[in-house]
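The values are calculated or read from the model by the stated rules, or taken from the named source; none is laboratory data. What you are looking at is a predicted structure, and each value in this text was computed from that prediction instead of being measured. Positions of Cβ are backbone-derived with ideal geometry, glycine not excepted, and every protein chain shown enters the neighbour counts.
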Amino acid sequence: MITVLIGPPGAGKGTQADLLVEQLGYTKFSTGDVLRKHIKEKTPVGILAGDIMAGGGLVSDDILLEIIKVELDRASKEKILLDGYPRNLLQAAALGDLPYKICDVVHIDVGRSDLIGRLSGRRVCSSCGSPFHVTANKPKKDGVCDKCGGQLVQRPDDAADKVAVRLDVYDSMTKPVLDYYQDRGLYRRVDGSGDPMRVFEGVRSALGC
Ligand code: AP5
């Protein structure tokens, strides 16, 4: 059973995914995290994906489908959470062809000006990838991850010019996926503004299975 978390860059998908893992026992797959691991390990996929991600574009659909198949094959078939896939109509169709039931597609909806503030202030753990924010979600100790003690850094694609590209890519490529799932009765909208725990209550009530 798959739940898809979908939303623009900075909507809080990663933050909410971590809460769903901790509090409701989901197994999470973040395609962004998997790709960043490839880049760190300098694998062939990482070498192909590095420049595209740093520029704010989408990595090839073939690479992503391969990644998602491998990740899903490894998992139990219960309570899987996808963060970052699908991101265009072709990926949505490819996911529909895999032997997994999609329960819900939860859209975390946040306005563009809030997204820019969130991404410019985001810091991520260089070791475990957990997201923090310089004002909205501060770590207990400056520059240090609460979860694993790793160093907090800024993601290269959080630079202002790259954020603009990512938001435009979301509008043109990913927004049509919302209609695709609305047509299939799977779409749930959650207001992603306000405190992360308040958003989490919205996400929790949107889950149908
Ligand atoms: P990915 O890593 O998936 O990035 P993204 O979709 O741009 O989303 P972000 O990680 O930036 O934001 P988020 O929604 O997870 O927000 P977060 O919780 O961190 O993908 C990166 C790249 O990989 C893509 O650009 C593409 O190149 C490639 N890629 C990945 N998947 C792909 C695919 N399927 N096909 C092709 N290419 C693919 O929160 C953001 C900040 O806000 C944090 O600082 C957080 O602390 C703060 N925050 C969270 N919630 C709140 C709140 N409620 N109020 C205030 N602040 C909050």
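Table: residues versus (1) hydroxyl-bearing (Ser, Thr, Tyr); (2) surrounded by fewer than 17 Cβ atoms within 10 Å (Cβ to Cβ).
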site: 132; (1), (2): no, no
site: 135; (1), (2): yes, yes
site: 140; (1), (2): no, yes
site: 145; (1), (2): no, no
site: 149; (1), (2): no, yes
site: 172; (1), (2): yes, yes
site: 177; (1), (2): no, no
site: 190; (1), (2): no, no
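Restricting attention to the stretch 64-101 and to residues that are in a helix (DSSP H, G or I) and not hydrophobic (A, V, I, L, M, F, W, C), the residue that is nearest to the ligand (Cβ to nearest atom) turns out to be 91. Taken as a whole, the structure leaves residue 101 outside the set of residues that are at pLDDT 95 or above and among the basic types (Lys, Arg). Could you identify the single residue in 104, 61, 114 that is within 10 Å of the ligand (Cβ to nearest atom), touching a residue at least 60 places away in the same chain (Cβ under 8 Å) and of a type outside the set (Phe, Trp, Tyr)? Exactly one of 104, 61, 114 is within 10 Å of the ligand (Cβ to nearest atom), touching a residue at least 60 places away in the same chain (Cβ under 8 Å) and of a type outside the set (Phe, Trp, Tyr), namely 114. Any chance you could count how many residues in the stretch 172-196 are within 19 Å of residue 81 (Cβ to Cβ) and modelled with pLDDT under 95? Selection size over the stretch 172-196: 1. Step by step: first the residues of the stretch 1-20, then only those that are in a loop (DSSP other than H, G, I, E, B) and within 6 Å of the ligand (Cβ to nearest atom), then the one that is surrounded by the most Cβ atoms within 10 Å (Cβ to Cβ). Which residue is that? Only one residue fits best here, namely 10. When residue 158 is tested against (1) touching a residue at least 40 places away in the same chain (Cβ under 8 Å); (2) in contact with a strand residue (DSSP E or B) (Cβ under 8 Å, 6 or more places away or on another chain), just one condition goes unmet, and that condition is (1).
Can you tell me how many residues within the stretch 21-32 are in contact with a strand residue (DSSP E or B) (Cβ under 7 Å, 6 or more places away or on another chain) and either within 12 Å of the ligand (Cβ to nearest atom) or part of a loop (DSSP other than H, G, I, E, B) (or both)? Write out each step before concluding.
Pass one, the stretch 21-32, residues in contact with a strand residue (DSSP E or B) (Cβ under 7 Å, 6 or more places away or on another chain): 21, 26-30.
Narrowing the set further to residues that are either within 12 Å of the ligand (Cβ to nearest atom) or part of a loop (DSSP other than H, G, I, E, B) (or both) leaves 26, 28-30.
Total meeting the criteria: 4.
The one condition from (1) within 11 Å of the ligand (Cβ to nearest atom); (2) surrounded by 19 or more Cβ atoms within 10 Å (Cβ to Cβ); (3) more than 14 Å from the chain's Cα centre (by Cα); (4) more than 20 Å from residue 94 (Cβ to Cβ) that residue 49 does not meet is (4). Listed conditions (1) free of Cβ contacts under 8 Å to residues at least 60 places away in the same chain; (2) more than 10 Å from the ligand (Cβ to nearest atom); (3) under 16 Å from residue 14 (Cβ atoms); (4) among the hydrophobic types (A, V, I, L, M, F, W, C) are all met by residue 35, apart from (2).
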